[in-house]
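Structure first, commentary second.
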Amino acid sequence: MAADLPEYYFRVRDNGAFVFRIDTENRQRRIDMDQIAVVNLRQGTIKPHGDRELSKADIAEIQEWMTARVALLARRDIDDIFRAVDYLNTTAQWAQSRATDDQLNDVTDALLMAMHDLRSVLVRKKADRVLQGER
């Protein structure tokens, strides 16, 4: 089992992770997790934990994880947006075919404001892209 374990473990947290080195080479043959660093993805920083000095291998492994994590979060963001498009379509179908007057009264104003806000942002961003294309 020890051979199957990675050398590092990343405990994901908001905007980063705590980084642990995995150690199974001890007398009790148990898994020890020694925190070596804290990662902040927003700032792109790696801070050693305590008085620890990170090796080049530590930093390379952490930077590789950071790159992969940023890519994963970007994929999740766009997937959430496509899922929102599906929800909008489902909501339109619900409003047209199954919603009661009371249900529509409960949600109409909130939906209209959210859709107006979204539309305003999308139109402004599209206009910016069109104008940039003309330059």
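Values quoted throughout were computed directly from the atomic coordinates according to the rules given, and no laboratory measurement underlies them. Because the structure is predicted, anything quoted here is derived from the model rather than measured. Quick reminder, even Gly has a Cβ in these numbers, built from the backbone with ideal geometry, and neighbours come from all protein chains shown.
The magnitude of the dipole of the range 2-42, with charges of +1 and -1 set on the Cβ of Lys/Arg and Asp/Glu and taken from the Cα centre, is near 140 debye.
Using the Cβ-Cβ distance between residue 34 and residue 105 with R0 set to 35 Å, the FRET efficiency works out to roughly 0.05. Between the alpha-carbon centres of the range 18-44 and the range 94-129 there is a gap of 46 Å. Most mobile of 13, 124, 52 per a Gaussian network model of the chain (Cα springs, under 10 Å)? Comparing 13, 124, 52 in a Gaussian network model of the chain, the most mobile one is 124.
For the range 11-135, the Kirkwood estimate of hydrodynamic radius, built from reciprocal distances between every pair of different alpha carbons, is 19.5 Å. Relative to the longest principal axis of the Cα atoms of the chain, helix 56-97 runs at roughly 20 degrees.
Spin-label model, residue 5/residue 25: points 7 Å from Cα along the beta carbon direction are separated by 1.3 nm.
Simple point charges give the picture: +1 on the Cβ of Lys and Arg, -1 on the Cβ of Asp and Glu, and for the chain a dipole about the Cα centre of about 360 debye.
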